[in-house]
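Notes for the one structure printed next.
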Amino acid sequence: TKMAVLTKLADNMMTTYLGGDAGRRVLDGQIKRGEGDTIRAALVMGDMRGSSRLAETSGREVYIDTLNQFFDAVAAPFNRNGGQIMSFIGDGFIAVYPCERHRS
């Protein structure tokens, strides 16, 4: 049980800080510290329009619920189409969308 929990914790940390693909490759030993790959990809940065105003007027609970809905709505299309959300930053995100030959 302890090994299963530690494995899941390591997987969660790698996915959170490196993204799903890179995290799995690090854990599988395919990428070591100081190594990397070059890929062709689009980087996408975005944030939720009107977030500051919403935070000021709606209250904490409504604001957090709205952020969660926003992130769910943004992440699903990226994940479904080969992209990955790399990081959520406040009310924004950064994602990578590899070109066709680098998706596999």
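All of the numbers you see were taken from the coordinates with simple rules; none came from a lab. Owing to the predicted nature of the structure, the values given are computational and were not obtained by experimental measurement. Note: ideal-geometry Cβ built from the backbone for every residue, glycine included; neighbour counts use all protein chains shown.
Of all strands (runs of 3 or more DSSP E) completely enclosed by segment 22-104, which ones contain at least 2 residues that are exposed (fewer than 11 other Cβ atoms within 10 Å of the Cβ)?
Numbers: elements: 41-47, 84-89, 92-98.
It comes to 41-47.
Can you name every residue in segment 25-51 that is touching a residue at least 12 places away in the same chain (Cβ under 8 Å) and polar (S, T, N, Q)? First the steps, then the outcome.
Step one: list which residues in segment 25-51 are touching a residue at least 12 places away in the same chain (Cβ under 8 Å), which gives 26-27, 39-48, 51.
Result: 51, single match.
Farther than 18 Å from residue 15 by Cα and touching a residue at least 40 places away in the same chain (Cβ under 8 Å): does that describe residue 65?
On the way: farther than 18 Å from residue 15 by Cα: yes; touching a residue at least 40 places away in the same chain (Cβ under 8 Å): no.
So residue 65 fails the test.
Hey, residue 14 hits all of (1) within 18 Å of residue 97 (Cβ to Cβ); (2) surrounded by 15 or more Cβ atoms within 10 Å (Cβ to Cβ); (3) out of contact with any Ser or Thr (no Cβ under 7 Å at 6 or more places or on another chain); (4) not basic (Lys, Arg) but one; which does it fall short on?
Here residue 14 clears every test but (1).
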